[in-house]
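The values are calculated or read from the model by the stated rules, or taken from the named source; none is laboratory data. Computed from a predicted structure; not experimentally measured. Here the Cβ positions follow ideal geometry from the backbone for every residue, glycine too, while neighbour counts run over all protein chains shown.
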Amino acid sequence: MKGKLSVKHLLSIRDLTPEDVELIFKTADNFKGILNAPIKKVPSLRDITIVNLFFENSTRTRVSFELAEKRLSADVINFSSSSSSVSKGESLLDTVNNLLAMKVDMVVMRHPAPGACQYLSHHIPAILINAGDGTHEHPTQALLDAYTLTQYWGGSIRGKKIAIVGDIRHSRVAFSDLLIFQKLGAEVCVCGPGTLIPPDMTSVGCKVSYDLDETLAWCDAVIMLRIQLERQDTAYIPSLRDYSLGYGLTRDRLQKIGREIPVLHPGPINRGVEISSEVADAPQSQILNQVENGVAVRMAVLYLLAGVAGG
């Protein structure tokens, strides 16, 4: 594997060039082959120490990163803010600098404040990977979503129509997905109740719809998002039942469009709310493929940012 990314950190999809994305995907292809081999571990990051710094609860993303790191033979430190000096009032910068004093090379961070990784990147020498910052971005999720659809369509998403449905207002995945799909030449539509779609979405070059059935008839793929109740300080929908009636993805809704489209979901799934169990478990569901691809994509990002491929 040869090549080098144009960035030192992965903070935002905005910072990546289409060539960067292509390199990540090609590298992920190689690592996916390794993950399906009898021996699933390579010594690529044997001398690299990585800390997973999570200031918000996470299962899928944290485990995916940890598995990717261990598959690359890195030394891994898992940090939980609830059991650290952060709970005693220590600042973010002091916390990270203390970790770096232990000779940590890379930091994978999830933080509730938008821009937290961007802030740290100006103050510490370690390589930073944004694992989700508030309602801002989640770049590795966007990469694995785009990678999953690229594989589904045999190599490219250019010219495809992709719908992102649900709580757009509070979703970091939605914004990162929008950026990467547009960067790779796809057309994007966001769909949901008016209260859950920011008023300026058309200014970023995407379609806006408030009708799920019309959106499904238009799109070539759909990404379903859950309602982010933990990030809402007021009620944006009358009830989950009302939301499900208007924007829940069911088998009946999909059958009406008369063709099969791939269905994605970043997790966690709220079955019976934004997606029915019949759809989540259907052959066209790419949800488990997303999970598998997430490890390969994160291996690629870690490997490339560590500079192994660039010398």
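Filtering V42, V63 for residues that are among the hydrophobic types (A, V, I, L, M, F, W, C), surrounded by fewer than 19 Cβ atoms within 10 Å (Cβ to Cβ), at pLDDT 95 or above and part of a loop (DSSP other than H, G, I, E, B) leaves a single hit, V42. Does P18 meet the test of being closer than 28 Å to L184 by Cα and either among the charged types (D, E, K, R) or surrounded by fewer than 17 Cβ atoms within 10 Å (Cβ to Cβ) (or both)? Answer is yes for this residue. Yes or no: region 93-111 includes at least one residue that is surrounded by 14 or more Cβ atoms within 10 Å (Cβ to Cβ) and touching a Lys or Arg at 6+ places or on another chain (Cβ under 9 Å). Yes, because at least one residue in region 93-111 is surrounded by 14 or more Cβ atoms within 10 Å (Cβ to Cβ) and touching a Lys or Arg at 6+ places or on another chain (Cβ under 9 Å).
What residue, of V190, V204, is buried (at least 23 other Cβ atoms within 10 Å of the Cβ), β-branched (V, I, T) and either modelled with pLDDT under 95 or over 25 Å from E19 (Cβ atoms) (or both)?
Just a single option satisfies the conditions, and that option is V190.
Any idea which of (1) out of contact with any helix residue (DSSP H, G or I) (no Cβ under 6 Å at 6 or more places or on another chain); (2) under 19 Å from G115 (Cβ atoms); (3) in the same structural domain as D242 (by TED's automatic domain parsing) is the one G134 doesn't satisfy? Checking G134 against (1) out of contact with any helix residue (DSSP H, G or I) (no Cβ under 6 Å at 6 or more places or on another chain); (2) under 19 Å from G115 (Cβ atoms); (3) in the same structural domain as D242 (by TED's automatic domain parsing), the one that fails is (3).
Just one of the listed residues (G192, G185, G205, G155) is closer than 29 Å to D252 by Cβ and either among the aromatic types (F, W, Y) or in the same structural domain as T250 (by TED's automatic domain parsing) (or both), namely G192. In region 112-131, the residue that is surrounded by the fewest Cβ atoms within 10 Å (Cβ to Cβ) out of those that are in contact with a helix residue (DSSP H, G or I) (Cβ under 8 Å, 6 or more places away or on another chain) and either among the small types (G, A, S) or farther than 17 Å from S91 by Cα (or both) is P125.
Inside region 264-280, residues that are in a helix (DSSP H, G or I) and of a type in the set (V, I, T) make up a count of 1. I180 fulfils the conditions (1) in the same structural domain as S58 (by TED's automatic domain parsing); (2) closer than 19 Å to V295 by Cα except for a single criterion, (1).
Based on what the data block shows, is I180 without any contact (Cβ under 8 Å) to a residue 40 or more places away in the chain, crowded, with 19+ Cβ neighbours inside 10 Å and either farther than 19 Å from S12 by Cα or under 14 Å from the mean Cα position of the chain (by Cα) (or both)?
no
Here L67, L72 are screened, and the one residue that is within 23 Å of I287 (Cα to Cα) and in contact with a helix residue (DSSP H, G or I) (Cβ under 8 Å, 6 or more places away or on another chain) is L67. Looking at region 166-173, is at least one residue among the acidic types (D, E), in contact with a Leu (Cβ under 6 Å, 6 or more places away or on another chain) and buried (at least 16 other Cβ atoms within 10 Å of the Cβ)? The answer is yes, given that some residue of region 166-173 is among the acidic types (D, E), in contact with a Leu (Cβ under 6 Å, 6 or more places away or on another chain) and buried (at least 16 other Cβ atoms within 10 Å of the Cβ).
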